[in-house]
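Have a look at the structure below before the remarks.
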Amino acid sequence: MYTAYFAAFTVGCVVSMYKPAMVGKRRTETLCRNETSLFEVDDNTEDDTLEACDKTPTSWKVAKVIPVQKPKKPPSDPMSYRPISLLSFLSKLLERIIASRLTSFITQNHLLPDFQFGFRKKHSTVSQLARVTDHITHGFNLHKHTDMALLDLEKAYDTVWITAMVFKLSLLKIPAYLLKILRSFLENRSYYVHVQYSRSPLIHPLAGLPQGAVLSTTLFILYIADIPHPPNIHLALFADDIAILAQSWRPDTISRRLSSTISQLFRYFHKWKLQVNLTKTELILFTKRRPPLPQPLIIQHQPIPWSPTVKYLGLLLDSKHLFTYLLTYSMEQSPS
């Protein structure tokens with residue numbers, strides 16, 4: 001069954017995916033020789049072959065979840081544990097092959113917005129931070145204020161609506177053979193929790209991308225690739241970390257723009273069954289002058305106050321853009 005499943009992929013891509021998992025040269029050579037006859041087919045037969053084997057084996061879609069306690073957290077609280085999901089090796093091999101094809105298609109067709117830097121080649125947190133800080137500095141040079149709102153999607157990967165995910169993939173004109181495999185890969189998944197010598201019954205989640213899966217990050221950034229981008233607004237995304245920046249000479253103008261954009265994004269998230277964690281939402285006003293702080297923004301009937309500092313992608317930013325707090329924090333954390 002597994003031979004037929006992989007038949008449409010060439011020996012080159014399969015062997016390249018195998019190599020990181022090999023232990024020892026002899027084993028690598030043996031597997032490469034065995035797999036050559038198994039996977040070497042003409043790429044033109046891809047669609048026809050996968051038409052007959054477009055279902056991911058059920059055993060490959062079962063995850064073993066092991067809860068690991070977070071440091072300095074009470075063991076009696078279920079929220080003190082981080083779930084670690086273990087998947088089949090064959091499932092991960094299949095994912096890497098599909099991810100390679102999917103990433104290539106995404107890049108060739110420019111399916112991701114330029115402001116999304118998460119889990120993309122030649123993009124990083126440093127690149128996104130440089131982009132954001134350059135935007136703020138450019139505003140200072142024009143004597144403008146910059147408002148920034150940081151939104152955090154609550155359990156973003158766990159709440160992805162699978163039917164909508166498949167629908168969006170079809171709108172993006174993902175090749176038919178990839179769409180079939182991805183749909184089978186995402187649907188009807190299950191997991192069980194393993195603690196010491198005990199395990200729970202199988203649990204069938206109604207939504208969410210598989211935790212620990214190679215494909216999950218790529219699929220998520222595709223899921224929110226159509227996020228609204230209003231005019232006069234600067235967006236900066238790193239996967240599910242969202243920064244919204246607005247600039248103007250008048251603080252009340254940028255607050256109005258920011259509020260309007262946040263409302264628009266909340267409607268978008270509600271439509272696609274994603275939820276913003278308001279307790280982690282932060283606002284900051286970057287300015288060289290001393291204007292009075294705007295009133296707290298009201299988001300979902302909850303006031304969000306303005307902060308003197310925020311942490312974005314691991315970097316502390318302060319309202320004067322002087323990195324004073326970052327230097328102080330670094331000195332406090334450095335060994336004496």
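Side notes on the structure shown:
- With a 1.4 Å probe rolled over the protein heavy atoms of all chains, the accessible area of Glu187, Glu95 falls in the order Glu187, Glu95, largest first.
- Unit charges at the beta carbon, dipole of region 232-271: most positive-side option, Phe269, Leu237, Ser259: Ser259
- Computed over neighbours whose Cβ is under 15 Å from that of Lys320, the net charge equals +2, Lys and Arg +1, Asp and Glu -1.
- The length gained on full extension between His110 and Trp249, counted as 0.36 nm times the residue separation minus their Cα-Cα distance, comes to 46.6 nm.
- Protection proxy ranking for 135-145, 210-220, using the average of other Cβ atoms within 10 Å per residue and placing the highest first: 210-220, 135-145.
- Backbone HN-Hα couplings from phi across region 173-182 [Karplus 6.51/-1.76/1.60, Hz, Gly and Pro as x]: 6, 4, x, 4, 5, 6, 4, 5, 5, 4
- Near Glu282, the amide H atoms lying under 5 Å from its own belong to Leu150; only residues 5 or more places off or on other chains count, and H is placed 1.01 Å from N.
The values are calculated or read from the model by the stated rules, or taken from the named source; none is laboratory data. Given the structure is predicted, the values throughout are model-derived calculations rather than measurements. Cβ sites come from the backbone with ideal geometry, for glycine too, and all protein chains shown count toward neighbours. To get the accessible areas, we keep the full protein, side chains included, count just its heavy atoms, and leave off ligands, DNA and RNA. Shrake-Rupley method; radii C 1.70, N 1.55, O 1.52, S 1.80 Å.
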